[in-house]
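Before any comments, here is the structure.
The values are calculated or read from the model by the stated rules, or taken from the named source; none is laboratory data. On a predicted model such as this, the values are computed, not experimentally measured, just so you know. In this analysis, Cβ positions are derived from the backbone assuming ideal geometry, glycine residues included, and neighbour counts consider all displayed protein chains. Side chains included, ligands, DNA and RNA excluded: accessible areas come from the protein's heavy atoms. Shrake-Rupley method; radii C 1.70, N 1.55, O 1.52, S 1.80 Å.
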Amino acid sequence: AVGTVTGSRFLLESQSSKVLVDCGLYQGLKELRLKNWEKFPVDAKVIDAIVISHAHLDHCGYLPKLVREGYDGPIYCTPYTAKLAAIVLRDSAKLQTEDAKYAKKKGYSKHKEPSALYELEEAEKAIALFHPVPFNSPFQVAEGVSVTFHRSGHILGSSFLDINIDEKRIVFTGDIGRGNH
């Protein structure tokens, strides 16, 4: 959390794979929100897999934008994260679309045609890519990369990730909370 705690996105590169850990939307101050409109630093089509720690918007809210940019691979998460993230992404798309229409109606956008970062169609495409995996079950996400979800207690379905990549082990905490749900 250097500089901000929003917009969680970490690209792990193995010798043969690229895996994105979390795909969050920046929220809060305008200078942070503008980062959502910047070009993603790598081509979405070269990412082999995405792993999501939990369903909060700052950890999963950029998924539809990445799908819009051409990502069509698997999105791994726990079963409850998949259920909650589907609600969160649909709601985010709806709110963004409504905000863009309202900005146009009231004329307060500097853009002639204000638009949403993504719409419901992209949210639905992202949701269709979800691959729920239970806790404590190691699985391969890409060549040379395996992950195990462990309960983090932050929200329902939230996890910390035990990642093995090119014979190295990385533990990604995501957000943590209570010891039980």
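Key figures
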| item | result |
| --- | --- |
| Pairs, first within 15 Å of D22 (Cβ to Cβ) and outside any strand (DSSP E or B) in region 141-165, second polar (S, T, N, Q) and open to solvent by 40 Å² or more (accessible area, probe 1.4 Å), C-beta under 8 Å, six or more apart | S152/T173 |
| Restricting region 19-35 to residues that are open to solvent by less than 60 Å² (accessible area, probe 1.4 Å) and touching a helix residue (DSSP H, G or I) at 6+ places or on another chain (Cβ under 7 Å), the residue that is modelled with the lowest pLDDT | Y26 |
| Count of region 46-78 residues which are out of contact with any Phe, Trp or Tyr (no Cβ under 7 Å at 6 or more places or on another chain), closer than 17 Å to E143 by Cβ and not β-branched (V, I, T) | 4 |
| Complete set of residues in region 69-88 that are within 18 Å of I47 (Cβ to Cβ), buried (at least 18 other Cβ atoms within 10 Å of the Cβ) and in contact with a helix residue (DSSP H, G or I) (Cβ under 6 Å, 6 or more places away or on another chain) | Y71, A85 |
